[in-house]
1. Counting only residues that are of a type in the set (D, E, K, R), over 20 Å from PRO37 (Cβ atoms) and surrounded by 16 or more Cβ atoms within 10 Å (Cβ to Cβ), how many does region 50-102 have?
2. If you scan region 103-125, which residues turn out to be open to solvent by less than 60 Å² (accessible area, probe 1.4 Å), out of contact with any helix residue (DSSP H, G or I) (no Cβ under 8 Å at 6 or more places or on another chain) and either in a loop (DSSP other than H, G, I, E, B) or under 19 Å from PRO43 (Cα atoms) (or both)?
3. Looking at region 33-43, is at least one residue outside any strand (DSSP E or B), without any contact (Cβ under 8 Å) to a residue 60 or more places away in the chain and under 11 Å from GLU119 (Cα atoms)?
4. Output the number of the condition that VAL27 fails; it satisfies all remaining conditions of (1) part of a strand (DSSP E or B); (2) touching a helix residue (DSSP H, G or I) at 6+ places or on another chain (Cβ under 7 Å); (3) open to solvent by 40 Å² or more (accessible area, probe 1.4 Å).
5. So is ILE14 touching a helix residue (DSSP H, G or I) at 6+ places or on another chain (Cβ under 9 Å), in contact (Cβ under 8 Å) with a residue 40 or more places away in the chain and buried (at least 19 other Cβ atoms within 10 Å of the Cβ) or not?
6. With the checklist (1) in a helix (DSSP H, G or I); (2) more than 17 Å from VAL123 (Cα to Cα) in hand, flag the one item ASN59 doesn't pass.
Amino acid sequence: MKKVISTTNAPAAIGPYSQAIEANGLVFASGQIPVNPATGEIPEGIEAQAEQVMANMKNLLEAAGTSMENVVKTTVFIKSMDDFGTINGIYSKYFEKDCPARSCVEISRLPKDVLLEMEAIAVKE
């Protein structure tokens, strides 16, 4: 069985998908972009956008009854590999030990022309 996860503390789905799905003890979080869920605004610059993405993911996972500490895999999509170091520095504040497996890829364009997007899979305690 699967359970749809939804929260107002992360950006609403802007298409035919769920913010997250819980199935068989795992939470599959859809890609989070740097939209402030309260205002709908996108912050300027890679640092502010990376912080917003991480906050959105944290809020979504908490709504699912899990946490960043339980993330086992992430995929990070970035507009420019030149931003990798900055993103990595912010990412490491949220994953300090026992870091999840990760893929990071540069792509040409993201929704709303943001600079990064991150999806995650977490275990549910």
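1. Qualifying residue count for the region: 2.
2. The answer is ILE107, LEU110, PRO111.
3. Quick first cut of region 33-43, residues outside any strand (DSSP E or B) only: 33-43.
Checking the rest, the ones that are also without any contact (Cβ under 8 Å) to a residue 60 or more places away in the chain come to 36-41, 43.
The next check asks that each one be under 11 Å from GLU119 (Cα atoms); those that pass are none.
No, there is no match, as no residue in region 33-43 is outside any strand (DSSP E or B), without any contact (Cβ under 8 Å) to a residue 60 or more places away in the chain and under 11 Å from GLU119 (Cα atoms).
4. Condition (3) is where VAL27 drops out.
5. It is false that ILE14 is touching a helix residue (DSSP H, G or I) at 6+ places or on another chain (Cβ under 9 Å), in contact (Cβ under 8 Å) with a residue 40 or more places away in the chain and buried (at least 19 other Cβ atoms within 10 Å of the Cβ).
6. Condition not satisfied by ASN59: (2).
The values are calculated or read from the model by the stated rules, or taken from the named source; none is laboratory data. Bear in mind the structure is a predicted one, so any value in this text is a computation, not a measurement. Here Cβ is always computed from backbone atoms with ideal geometry, including for glycine, and neighbour counts include all displayed protein chains. Just so you know, the surface numbers come from the protein's heavy atoms only, side chains and all, with ligands and any DNA or RNA stripped out. Shrake-Rupley method; radii C 1.70, N 1.55, O 1.52, S 1.80 Å.
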